[in-house]
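One structure is given here, and the rest of the page talks about it.
The values are calculated or read from the model by the stated rules, or taken from the named source; none is laboratory data. Worth saying up front: this structure is predicted, and the values here are computed from it rather than measured. Neighbour counts are summed over all protein chains in view; Cβ atoms, including those assigned to glycine, are modelled from backbone coordinates with ideal geometry. These accessible areas exclude ligands, DNA and RNA; they are computed on the full protein's heavy atoms, side chains included. Shrake-Rupley method; radii C 1.70, N 1.55, O 1.52, S 1.80 Å.
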Amino acid sequence: MSGHSSDVRYCQKFSYVLLKFTLFAYAVGWWLIGGTIMAVGIYAEVERQRYKTLDGLFLAPAIILIVLGLLMFVVSFIGVLGSLRDNIVMLKVFMFTLTVCLILELLGGVIALVFQNKTVNLLNRNIRKGMVNYYDDLDFKNIMDFVQKKFTCCGGKEYKDWEVNMYHNCSSRSPLACGVPYTCCLITKPNEVPNTMCGYKLVNQERLDLIDKIHIRGCTDAVFLWLSDNYKIMAGLLLGILLPQFFGLIISWLYITRVEDAIVQYTSIPYSSSQVDGPTGRSMMDQSGGFQRIPMKHNRVANWYKCMPDYD
């Protein structure tokens, strides 16, 4: 059996059952998370469609949740089936998908850092698109209000970005003309109820005149400054996103190799040197002199329950 042991890789050291159920639990966990995210996205999209707001995907968090949840649900379901049935094709699809996602995330982060100015300009353009429909899109309004309060900022690049909104444009006849939302205003006292008209007629004023009235810093710069100041939190967040994917990649790779080793063991039989292969008289002995792999075919029912693929 020396030849047999030399063909079996190091993954024989890992417990087949442990790897199987670790991968199964991992895939089921992400499958449930993906289904939950997709369900939340569908509910949010149904609610959003009742008000018929934005059509842009970037500005529709519900669409992003649906796409993300669907991707996680489908990929994880393939992992669940592959781990249950020991299906090499499904397991490799699951592993390669995790690999591609991990590489794309890393590349996206590197590209965003290398082309930081273009990334900021892209964000500012999309924020201004959202500001055009600020009062019509409840999702974007809630996000923008939260960001302006949390990061003490106003607008995308600067507070004058609010001129793109038809109600805040200085040419408008609206009471909000030349103003900014109240979430841009300074709060001088804790738990102070803000005056919703505190940003009245401020867009056309100079920055220095507004220091004690509103936040003049743009939200894009404010968010990037917060990220650089809280790099430890960001590092922990990135590790929390990347490490589970890397763990799933390693587990799936180990399990694939372990299943392949099990197939080698299952389809290998010992024989004596006197055995010959049918009427041709060709010896079945391989170069190792101890065994030969004999493919074992199963019918469809047996293949389904025994979880062993057919080999010709």
**Message:** Could you list, ordered by first residue, the pairs with Cβ atoms under 8 Å in which the first is in the range 29-53 and modelled with pLDDT of 80 or more and the second is aromatic (Phe, Trp, Tyr), at least 6 apart or interchain?
**Reply:** Trp31/Phe73; Trp31/Phe77; Gly34/Phe73; Gly35/Phe73; Met38/Phe73
**For His215: the one exception among (1) modelled with pLDDT of 85 or more; (2) surrounded by 13 or more Cβ atoms within 10 Å (Cβ to Cβ); (3) within 22 Å of the chain's Cα centre (by Cα)** = (3)
**Request:** Scan the range 85-106 residue by residue and report those that are over 13 Å from the mean Cα position of the chain (by Cα) and open to solvent by less than 90 Å² (accessible area, probe 1.4 Å).
**Result:** Arg85, Asp86, Asn87, Ile88, Met90, Leu91, Lys92, Val93, Phe94, Met95
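Yes or no, residue by residue, for (1) outside any helix (DSSP H, G or I); (2) touching a Leu at 6+ places or on another chain (Cβ under 9 Å); (3) at positive phi:
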site	(1), (2), (3)
Met166	yes, no, no
Pro175	yes, no, no
Gly179	yes, yes, no
Thr188	yes, no, no
Asn191	yes, no, yes
Gln205	yes, no, no
**Item:** Test result for Asp261, open to solvent by 50 Å² or more (accessible area, probe 1.4 Å), of a type in the set (D, E, K, R), farther than 30 Å from Cys154 by Cβ and at pLDDT below 80
**Value:** no
**Request:** Give the range 121-132 a look and list any residue that's in contact (Cβ under 8 Å) with a residue 40 or more places away in the chain and touching a Phe, Trp or Tyr at 6+ places or on another chain (Cβ under 7 Å), or say none.
**Result:** Asn126, Gly130
**Request:** Scan the range 150-162 and give yes if some residue there is assigned to a helix (DSSP H, G or I) and surrounded by fewer than 16 Cβ atoms within 10 Å (Cβ to Cβ), otherwise no.
**Result:** yes
